[in-house]
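The values are calculated or read from the model by the stated rules, or taken from the named source; none is laboratory data. These numbers come from a predicted model, not from an experiment. Counting neighbours? That spans all protein chains shown, and the Cβs are built from the backbone with ideal geometry, glycine included.
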Amino acid sequence: MTATATFSIWRGDLQGGKLVDYQTEIVQGMVVLDAVRRIQADQANDMAVRWNCKAGKCGSCATEINGKPRLMCMTRLSDLSTTQPIRVEPMRTFPHIRDLVTDVSWNFAKKRTVRKFNPRKPDAADGTWRMAQIDVDRVQEFRKCIECFLCQDVCHVLRNHQLFDEYIGPRLLVYDAALVMHPLDSDQRLADLRHAHGIGYCNITKCCTNVCPEEIKITDNAIIPLKERVVDLYFDPLTRLFGGAR
Amino acid sequence: MAQYETIQHDVLVIGAGGAGLRGAIEAAGRGVSVGVISKSLLGKAHTVMAEGGVAAALSNVDDRDNWKVHFADTMRGGQYVNNWRMAELHAKEAPDRVRELEAWGAVFDRTPDGRILQRNFGGHRYARLAHVGDRTGLEMIRTLQDHATFERMSFYTEFTIVSLLKEGNRVVGAIGYQREKGLFFVFQAKAVVLATGGLGRAYKITSNSWEGTGDGFALALDAGAELRDVEFVQFHPTGMIWPPSVAGLLVTEGVRGEGGVLRNRLGRRFMFDDIPALYKNQTADTEEEGWRYTVGDKNARRPPELVTRDHVARCIMREVREGRGSPHGGVFLDIAWIKEKIPNAEKHIRAKLPSMYDQFLKLADLDITKEPMEVGPTTHYSMGGVRVDGDSQMSSLPGLFAAGECAAGLHGANRLGGNSLSDLLVFGKRAGEYAARFALETSLGRVSESAVNENIRQALAPFENGAKGRGESPYQLQAELQEMMQELVGIVRTENEMVRALDGIQKLKERSRSLHVEGNRMYNVGWHTAVDVGNLLTVSEAICRAALERRESRGAHYRIDYPDKSESLAKVNTTLHKGEDGAISVRLEPIKEMPAELKQIIEEMK
Ligand SMILES: Cc1cc2nc3c(=O)[nH]c(=O)nc-3n(C[C@H](O)[C@H](O)[C@H](O)COP(=O)(O)OP(=O)(O)OC[C@H]3O[C@@H](n4cnc5c(N)ncnc54)[C@H](O)[C@@H]3O)c2cc1C
Ligand code: SF4
Ligand code: SF4
Ligand code: FES
């Protein structure tokens, strides 16, 4: 059951680049990363590709496949049409380094603006806490994030409007949500969410949720509840009367 | 004169997996300046892939558990060639290290009364693995990463270290390149911690990520430090085997912990057919008793699927060899069957094994809540590594420490599942602590300019071959080596095959002198692969040489020419050293006598 397929892969660096066509043999069960690595080994030895686990667990291999942000290692060829060349390009929202590799360091730098986890005092004398599974389920959904940054790549606030200073993007709102809804965290995080993290820029297009390989309901479960909390704090007349929010 | 930049730290940690990050946090907390280096981005190290859990005798689920039982289990699993001091420290300290993660924000699955939940795993007498579904490694690395970014340390991500630097006998730094631009950096440090992970990529079928090229083993050996027990390579019994593109991908032991059973083509639970003597007393006699164990009956003994990995892997090989395997050359692993036993089984499986559910659905079109999986052994873990002192994690060279998978000792001849993540925490912390102490008592050493220049020249040699327009492809050489190791130094070993492998490695080494790389130094994966190949050749040779010397079968090391355990070899470790001439020598070194208290614990737990 062997056949060949054509891959149009973005080659180039900051000086410029272009799509280059490569043909390679494909076999049953193959994912895009298999094909790209085979091309790299046989035809393009110096091609820059970032991947680690090939199991959808590390979030390294994020690219745009036929224009859609996806993990190369979890995109099966059987789900794509091979009658047309399959286009593989780097994530376009971040600065390009070379070929399929982009500079995602902005995400790590921005993450440092989210204050550290700050637990309440331990519940038990031995220094441990008690939490019910039902209360941690919600946070565990957010903590599934593999930091692939596909959601950051697709979010128009970053991609089109380039508001990198004003907005931290869906991935980091998920991170915020994991802290705000963490049963043990005792920090006040809503002021940062409103100001430094710019949650107001999100207009709930849900593009981020659609690309998340971990199927985190970014908009419904993280961003909207956070927005509600911010609104409650800042625009609820009672809170304002008692000077709860600044 | 080669060009490079110099950076100074008190403690340099090479590796940002669980061991490296835990070590760095500890060192930074002691007020020294810390640099952390990794080949990939932060949070992507191999630790992120760990699935089943982290072993610690918290006794939240079974109050009969305590450090003594964990110690005895670890020694039994390792067939008593473990470093008993490390096994003791590990069992005693793991619970605190796990609880500490919770204080740093980790969110483990919970017991009904709100404490950290623990699950069953092979070779652990009681439910002992703290876990988060089947993505425990992600939880652990993210917690450490998020905590570490608030400590005083500098990260150098996508940097590759190519050599350690020495002044006399002491390690005083390391040299490497930044992958993005291909520029060289010299890191001067008072103490260096190796936390570079494993060597699974020496084999064709492996659960390891591309990073597992045994760099720490090779760096240490080349610098003159000793390695230990590298013949013990763990083949995990359950890797995916179909479709071919995912062969080797891990299927967590958690599947069996949750009640998954192994069957051959005839539907027989073949693990009942051969239960090793060391585990006879602890293993269920009937399928019914095995199931009771799975659901927490304290009077039941574990199902035979949960004996140690070495044994399960060999039983699978036997079924396949004798013609009772599955269509693609493995056996069946069935978790779907538990619907006969519990209501809502499908939901339960998806809650407990979400990544496995996804992995099979997305990559193999198979719904594990409905159908059995096809599985077979995959290269997984190195028990051996850099020889270290059990308390301080210092290697045989002053100033060089090692922790995590690249260090030897804790696991002996076979590692128990879950004992690696706890190893990273316990000994990562210790390495960080002792490296910081060492650094506080010393000053920076001198780095030899000529050594630096020579290292850079060697690292760049493939480009010169490239410019001449011919030479060997690093990808091709790597593939040939992996195939050879898989075939000749795999689960079942014998002298003449290993001698052939050594000969093959020698030939590949010669060919590797003309490795050829095209293009420039910017993020050039061909070049990176050429560097990896050098390390893989060194560790492959080390594995062969140690495996030849261990003329017996023990734990993960199985030889058909010596199928039994040898009493005299039960008392030794293999120690490897590379001489000035580049030859790797192996000596058998007696294991230090175990103190009476520890001996007594082992006796009591038999
Ligand atoms: C699929 C899978 C599942 C597993 N599940 C479990 C489990 O459930 N429980 C358990 O206890 N264990 C499990 N293990 C084993 C465990 O995950 C590993 O043994 C452990 O994570 C190794 O951690 P480490 O910190 O030693 O190294 P790693 O996490 O491998 O990190 C190595 C680090 O060193 C860096 N590095 C390497 N070489 C260089 C170099 N030359 N220069 C610079 N940096 C370098 C890498 O970039 C990386 O940052 C599993 C392993 C696999 C593969
Ligand atoms: S929902 Fe919000 S965060 Fe998500 S893509 Fe749209 S604007 Fe961006
Ligand atoms: S939220 Fe989803 S898409 Fe965004 S970084 Fe995390 S895993 Fe990737
Ligand atoms: S390589 Fe790890 S997610 Fe694709």
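A few points about this structure:
- Residue within the range B:189-211 that is within 16 Å of ligand 4 (Cβ to nearest atom), within 30 Å of B:Tyr475 (Cα to Cα) and touching a Lys or Arg at 6+ places or on another chain (Cβ under 6 Å) present: yes
- Residue in the range A:194-206 that is touching a Cys at 6+ places or on another chain (Cβ under 6 Å) and within 15 Å of ligand 3 (Cβ to nearest atom) present: no
- Number of the exception - A:Asp13 against (1) within 30 Å of B:Ala16 (Cβ to Cβ); (2) more than 9 Å from chain B (Cβ to nearest Cβ); (3) surrounded by fewer than 19 Cβ atoms within 10 Å (Cβ to Cβ): (2)
- The residues of the range B:350-378 that are hydrophobic (A, V, I, L, M, F, W, C) and closer than 24 Å to B:Ala313 by Cα, listed by number, are B:Leu353, B:Met356, B:Phe360, B:Leu363, B:Ala364, B:Leu366, B:Ile368, B:Met373, B:Val375.
- Residue satisfying condition, being among the β-branched types (Val, Ile, Thr), in a helix (DSSP H, G or I) and touching a strand residue (DSSP E or B) at 6+ places or on another chain (Cβ under 9 Å), within set B:Val531, B:Val586: B:Val531
- Selection of first residues in the range B:245-271 that are over 10 Å from B:Gly52 (Cα atoms) and of second residues that are in a helix (DSSP H, G or I) and polar (S, T, N, Q), restricted to Cβ pairs under 6 Å at least 6 apart or on distinct chains, gives the following pairs, ordered by first then second residue: B:Gly259/B:Thr294.
- The range A:187-237, residues that are more than 10 Å from ligand 2 (Cβ to nearest atom) and within 14 Å of another protein chain (Cβ to nearest Cβ): A:Asp187, A:Arg189, A:Pro213, A:Glu214, A:Glu215, A:Ile216
- When the criteria are applied in full, B:Ser585 meets the requirement of being hydroxyl-bearing (Ser, Thr, Tyr) and over 25 Å from B:His236 (Cα atoms).
- Count - residues of the range A:71-93 that are within 12 Å of chain B (Cβ to nearest Cβ) and either among the acidic types (Asp, Glu) or more than 9 Å from ligand 4 (Cβ to nearest atom) (or both): 6
- B:Glu102 at pLDDT 95 or above, away from ligand 1 (no atom under 14 Å from the Cβ) and surrounded by 20 or more Cβ atoms within 10 Å (Cβ to Cβ): yes
- Taking each residue of the range B:559-584 that is touching a residue at least 24 places away in the same chain (Cβ under 8 Å) and looking for partners that are among the aromatic types (Phe, Trp, Tyr) with beta-carbon atoms closer than 7 Å, six or more apart or interchain, yields B:Ala570/B:Tyr80.
Residue by residue, here is whether (1) touching a Lys or Arg at 6+ places or on another chain (Cβ under 9 Å); (2) within 16 Å of ligand 3 (Cβ to nearest atom); (3) touching a residue at least 60 places away in the same chain (Cβ under 8 Å) holds:
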position: A:Gln28; (1), (2), (3): no, no, no
position: A:Asp34; (1), (2), (3): yes, no, no
position: A:Asn52; (1), (2), (3): yes, yes, no
position: A:Gly56; (1), (2), (3): yes, yes, yes
position: A:Ser60; (1), (2), (3): yes, yes, yes
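- Residue check for B:Gly216: surrounded by 24 or more Cβ atoms within 10 Å (Cβ to Cβ) and within 14 Å of chain A (Cβ to nearest Cβ): no
- The residue of the range A:41-53 that is farthest from B:Glu518 (Cα to Cα), among those that are out of contact with any Phe, Trp or Tyr (no Cβ under 8 Å at 6 or more places or on another chain) and within 15 Å of ligand 4 (Cβ to nearest atom), is A:Cys53.
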